[in-house]
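Notes follow once the structure below has been shown.
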Amino acid sequence: MITGKNYIGNKLSAKGDKTFQSLNPALNSSNEWIFTEATSEEVDEAVQLAWDAFEIYRTVSSEKKADFLTTIASEIEALGDSLLEVYCQESGLPRGRAEGERGRTLFQLRSFANLIQEGSWVDAAIDTAIPERTPLPKLDIRKMSIPIGPIVVFGSSNFPFAYSTAGGDTASALASGCPVIVKSHSMHAGTGEMVASAIIKAVQKCGMPNGVFSNLTGGGRTVGAQLVSHPFVKGVGFTGSIQGGRALYDIAAQREEPIPVFAEMGSINPVVILPGALQNDLDKWSTAYAESISGGTGQFCTKPGLILGIKGDLLSQYTEDLGAKLVALAQGCMLHSSIHSNFNHGKELISSQSGVSVVAAYEQDVKPNYAQQRLTTVEGKTFLANHTLHTEVFGPFALVVQCENEQELVAVIKALEGQLTGTIISDSSELANYTNVISALQNRVGRIVFNGVPTGVEVCPSIVHGGPYPASSDSRFTAVGIHAIKRWVRPFSYQNWPQELLPLELKDENPLGIIRLVNNISTAKAIESTTKELNI
Ligand code: NAP
């Protein structure tokens, strides 16, 4: 059941008088549920509870935290079809996508449970004492990662499950030992409340402290801004627009105690298509890219929005073919009317720039909130001279840039802002001639793809989902995969600390059997003789 209330820890609460409804974009009508925005008092209460819960939660064993994460997954599964129905009603996304995204969310929760159960993720490093060292004895020093404190997670509009209430940010933060306060996305507040109810059930079943999780609703920016400003909040996870991510980053930086904001924002995901690939596989790559540009109605952060090639008959033929295939695909519903109007504004903005031609556009009438695909093209020198052409258009739209030669292609890549992905489509025999292109692309992106499409992010330890700004606010971290946990921890050293007071991860006998760096050697073995007293 959806109540429209906030979860302040385990308690449902609706003290405010500001209400809103989510939209069913496919029907273009409001959903039945009425949500009450969290008041300033409720925000404060949730953060205070999270702060108190942190004192307990950070000492909970990995075994118990892992059980908590897997129980969350089971409770989400137990919500069954009713959760999928609300997801579809609030997002306009099809049932198959809802099922797939739920599967990914459960997989993420279970992957983080496995990670913390195994334990080596804490990056333990131990340097044992050498009391006899001269001129000064060497001290016993031991380091591991520890959680930073309550984290605020902003649910994303385009992944109502996998990057929202119990998504990758929440799962990684809870796994690390940090309480989480979710600022639910107002476009899918009902989906968010249902998932939050599953998390709260897991909190109670697993005996976790009240306040380890809260879910707050609000659509007027004030809830989010207050959360990020709160002195007891120690980190932020965000997926959304550059404007939103940057505004929250700036709030965090201006606090008396600045805190890290891990924001995953815009990306146009450049794709370089080289002549050999066009010569041999033009049809294959136009089909693949029409599907990748329009998949999920173009609302993936990895959607290829920019295709770069070297001017000539083959590129012209490819562009025509791609445009025809793109507009021939079915028109999809967008997530929300505001995202739909942003899409229309964005594609008109690019199309109206001097030197830009429309290659193909779906012009027939569509239902409200459905997207009409469009492909445009421009010359390399025009692209270089006009920064507006570098703007992300969220939806089934792309721009083909026709470069004069390899030098201009490299110049275009170097002029781009940071990106999540970059792709090279090439006949492998020609690759050696384009090392400058590959090198320039590598410097702008977090993940480089060869002969494939950037959409479809595999959740695995080797994935990097992040990149130089503005793809993400800190390119040293990934938002997807188990290493996303590193965003919520800090390294901590124990110097000369008594064995009995050390955490299990750092004790001589290595009771967890984890891999540790002991005196510069990576090993899971126990340390036999480090209990020597230091005589200093
Ligand atoms: P958004 O506007 O960035 O909002 C995301 C979340 O951040 C919402 O919870 C919003 O709160 C909050 N927020 C935004 N600006 C804020 C501010 N100044 N202060 C406090 N909180 C703030 O993203 P969206 O609603 O998902 O979509 C809007 C546009 O973002 C899309 O049209 C698209 O262009 C882009 N987008 C890009 C990606 C991507 O992966 N590249 C993903 C999603 C969206 P409120 O609900 O209170 O406003």
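Descriptive notes on the structure:
- Hey, LEU49 buried (at least 18 other Cβ atoms within 10 Å of the Cβ), in contact (Cβ under 8 Å) with a residue 12 or more places away in the chain, part of a loop (DSSP other than H, G, I, E, B) and touching a Gly at 6+ places or on another chain (Cβ under 8 Å) or not: no
Here's the yes/no breakdown for (1) loosely packed, with under 15 Cβ neighbours inside 10 Å; (2) among the hydrophobic types (A, V, I, L, M, F, W, C):
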site: ASP67; (1), (2): no, no
site: ALA73; (1), (2): no, yes
site: VAL86; (1), (2): no, yes
site: ARG95; (1), (2): yes, no
site: SER120; (1), (2): no, no
site: ASP127; (1), (2): no, no
site: ILE141; (1), (2): no, yes
site: VAL152; (1), (2): no, yes
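- Pairs, first at negative phi in region 72-96, second buried (at least 16 other Cβ atoms within 10 Å of the Cβ) and among the polar types (S, T, N, Q), C-beta under 6 Å, six or more apart: VAL86/THR191; TYR87/THR191; GLN89/ASN24; GLN89/ASN31; GLU90/SER22; GLU90/THR191
- Scan of region 456-472 for residues that are surrounded by 19 or more Cβ atoms within 10 Å (Cβ to Cβ) and assigned to a loop (DSSP other than H, G, I, E, B), ordered by number: VAL457, VAL464, HIS465, GLY466, GLY467, PRO470, ALA471
- Here is the figure for region 436-455: residues that are on the phi < 0 side of the Ramachandran plot, surrounded by fewer than 18 Cβ atoms within 10 Å (Cβ to Cβ) and part of a loop (DSSP other than H, G, I, E, B) total 2.
- Residues in region 147-197 that are more than 16 Å from the ligand (Cβ to nearest atom), more than 14 Å from the chain's Cα centre (by Cα) and under 22 Å from PHE54 (Cβ atoms): PRO147, ILE148, GLY149, PRO150, LEU174, ALA175, SER176, GLY177, CYS178, PRO179.
- Test for SER429: is it in a helix (DSSP H, G or I), more than 23 Å from the chain's Cα centre (by Cα), more than 23 Å from ILE242 (Cα to Cα) and not aliphatic (A, V, I, L, M): yes
- ASN210 vs. criteria within 15 Å of the ligand (Cβ to nearest atom) and not β-branched (Val, Ile, Thr): no
- Here LYS201 qualifies as among the basic types (Lys, Arg) and within 30 Å of LEU93 (Cβ to Cβ).
- The residue list GLY323, GLY355, GLY309 contains one member that is surrounded by fewer than 16 Cβ atoms within 10 Å (Cβ to Cβ), modelled with pLDDT of 95 or more and away from the ligand (no atom under 16 Å from the Cβ), which is GLY355.
- When each of ILE273, ILE242, ILE259, ILE251 is tested for being crowded, with 24+ Cβ neighbours inside 10 Å and either under 30 Å from HIS483 (Cβ atoms) or out of contact with any Asp or Glu (no Cβ under 9 Å at 6 or more places or on another chain) (or both), the lone residue that passes is ILE273.
- Taking region 209-311 and the helices (runs of 4 or more DSSP H) fully enclosed by it, the elements with 3 or more residues that are under 24 Å from the mean Cα position of the chain (by Cα), aliphatic (A, V, I, L, M) and under 30 Å from GLU55 (Cβ atoms) are at 222-229, 242-254.
- The single condition among (1) within 9 Å of the ligand (Cβ to nearest atom); (2) free of Cβ contacts under 8 Å to residues at least 60 places away in the same chain that GLU256 does not meet is (1).
- For region 38-46, the condition of being charged (D, E, K, R), buried (at least 20 other Cβ atoms within 10 Å of the Cβ) and closer than 21 Å to VAL152 by Cα holds for at least one residue.
- Within the option set THR134, THR165, being surrounded by fewer than 23 Cβ atoms within 10 Å (Cβ to Cβ) and out of contact with any Phe, Trp or Tyr (no Cβ under 8 Å at 6 or more places or on another chain) holds for one residue only, THR134.
The values are calculated or read from the model by the stated rules, or taken from the named source; none is laboratory data. Not measured: the values here are computed from a predicted model. Ideal geometry is used to build each Cβ from the backbone, glycine not excepted, and the neighbour counts take in all protein chains shown.
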